[in-house]
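The values are calculated or read from the model by the stated rules, or taken from the named source; none is laboratory data. Everything numeric here is computed off the predicted structure, so don't read it as measured data. Every residue, glycine as well, gets a Cβ built from its backbone with ideal geometry; the counts of neighbours run over all protein chains shown.
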Amino acid sequence: MNESIKRAAEIIGAAQNAVALTGAGISTESGIPDFRSPGGLWTKIDPGEFSIDRFLQNPARFWKMSLDLKNSGEFDLASAVPNAAHYSLANMENRGIIKCVITQNVDNLHQKAGSVEVVEFHGNLLRAVCMKCKALEPMEKVEQRISSGQQETPRCNRCSGLLKPDAVFFGEPIPSKALMISQIQSQKCDALLVIGTSLQVFPAAQIPIAAKMKAPPAHIIEINREPSALHDQITDLLLLGSAGEIMSELDSLLS
Ligand code: NAD
Ligand code: ZN
């Protein structure tokens, strides 16, 4: 393993445009469950709850479910703090080693750790968005209105439109700016660090595929507890283990 991490450090150190693609697995060491690992979120909640059709059928029911989930402590993103993997990526960006982080996560932990160039591919659950005028409101404020009984279905302060968590639900498109930047980065990068993602969700999984298929291909370094669904097709260097431990080691090898 040590040899593989050294090799990864050499590749990233030599790269001109190293980029990271992260998924739920980078945040499990911050106490946020991922989806597909044992004990993950899908063992507790029906994925259909996060479909836009079901949300629109009964927004009040969704908001109550989401607040109950937060209050249970199982998915409390506002209280979560970044772990060593988030901090290592932020350090690496700070020193110019990583150009940007494309994240599928909605937990805001890269930003909390100090990463600046963060592409929120699936949005951010610490914000709510008005479905009518697109105004954003901090999730905390919206949740307060629900828990105080002021509003069962939260409404926009500006236009009274329906508020929805500012995350991409099943059946919704990827935000166009995030999609565009990711496509550009997948073409520009010469090394792609894929961290904590099973690569089963599209179009996010298209990013490393595109990076691998261009000429010359980017080096794909994968860090996961279990190999991703695409590892045999795209991964050049597979580092299996804790993202926090591996990223800390990579960070110190590169400093
Ligand atoms: P996933 O649950 O499908 O896969 C997680 C991957 O991370 C697995 O390969 C697993 O082996 C690995 N992993 C778990 N803990 C790890 C650790 N400590 N170190 C290294 N690897 C670890 O996650 P996904 O591919 O990101 O897909 C889930 C989707 O759900 C994402 O698109 C995301 O939007 C959303 N989601 C986000 C959060 C969050 O914001 N933290 C949490 C759950 C789900
Ligand atoms: Zn509005």
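Quick notes on this structure:
- Selected residue (criterion: nearest to ligand 1 (Cβ to nearest atom)) from residues of region 147-172 that are among the basic types (Lys, Arg) and in contact (Cβ under 8 Å) with a residue 12 or more places away in the chain: 164
- Members of region 78-105 found to be of a type in the set (A, V, I, L, M) and at pLDDT 95 or above, listed by number: 80, 81, 84, 85, 89, 90, 92, 97, 98, 101, 102
- Extreme residue, surrounded by the most Cβ atoms within 10 Å (Cβ to Cβ), among residues of region 1-37 that are hydrophobic (A, V, I, L, M, F, W, C) and under 15 Å from residue 105 (Cα atoms): 26
- Checking each residue in region 70-94 for being within 13 Å of residue 117 (Cα to Cα) and surrounded by fewer than 16 Cβ atoms within 10 Å (Cβ to Cβ) picks out only 94.
- Pairs linking a residue in region 99-124 that is more than 21 Å from residue 189 (Cα to Cα) and in contact (Cβ under 8 Å) with a residue 60 or more places away in the chain to a residue that is assigned to a strand (DSSP E or B) and hydrophobic (A, V, I, L, M, F, W, C), with Cβ atoms under 6 Å and 6 or more positions apart or on different chains, are 106/125; 106/167.
- Checking the stated criteria, residue 144 turns out not to satisfy the condition of being modelled with pLDDT under 95, more than 12 Å from ligand 1 (Cβ to nearest atom) and either more than 20 Å from residue 82 (Cβ to Cβ) or under 13 Å from the mean Cα position of the chain (by Cα) (or both).
- Residue check, residue 196 among the small types (Gly, Ala, Ser), within 7 Å of ligand 1 (Cβ to nearest atom), within 23 Å of residue 27 (Cα to Cα) and surrounded by fewer than 17 Cβ atoms within 10 Å (Cβ to Cβ): no
- Test: residue 222 is part of a loop (DSSP other than H, G, I, E, B) and among the acidic types (Asp, Glu): no
- Meets criteria (more than 16 Å from ligand 2 (Cβ to nearest atom), buried (at least 16 other Cβ atoms within 10 Å of the Cβ) and among the β-branched types (Val, Ile, Thr)) for residue 207: yes
- Test: residue 24 is touching a residue at least 60 places away in the same chain (Cβ under 8 Å), touching a Cys at 6+ places or on another chain (Cβ under 7 Å), closer than 25 Å to residue 86 by Cβ and not basic (Lys, Arg): no
- Selection from region 40-95 of residues that are among the polar types (S, T, N, Q) and within 12 Å of ligand 1 (Cβ to nearest atom): 43, 83
- Residue 156 being in the same structural domain as residue 213 (by TED's automatic domain parsing), touching a strand residue (DSSP E or B) at 6+ places or on another chain (Cβ under 9 Å) and surrounded by 14 or more Cβ atoms within 10 Å (Cβ to Cβ): no
- Residue match in region 47-56 (condition: away from ligand 2 (no atom under 16 Å from the Cβ), among the basic types (Lys, Arg) and either at pLDDT 95 or above or exposed (fewer than 14 other Cβ atoms within 10 Å of the Cβ) (or both)): yes
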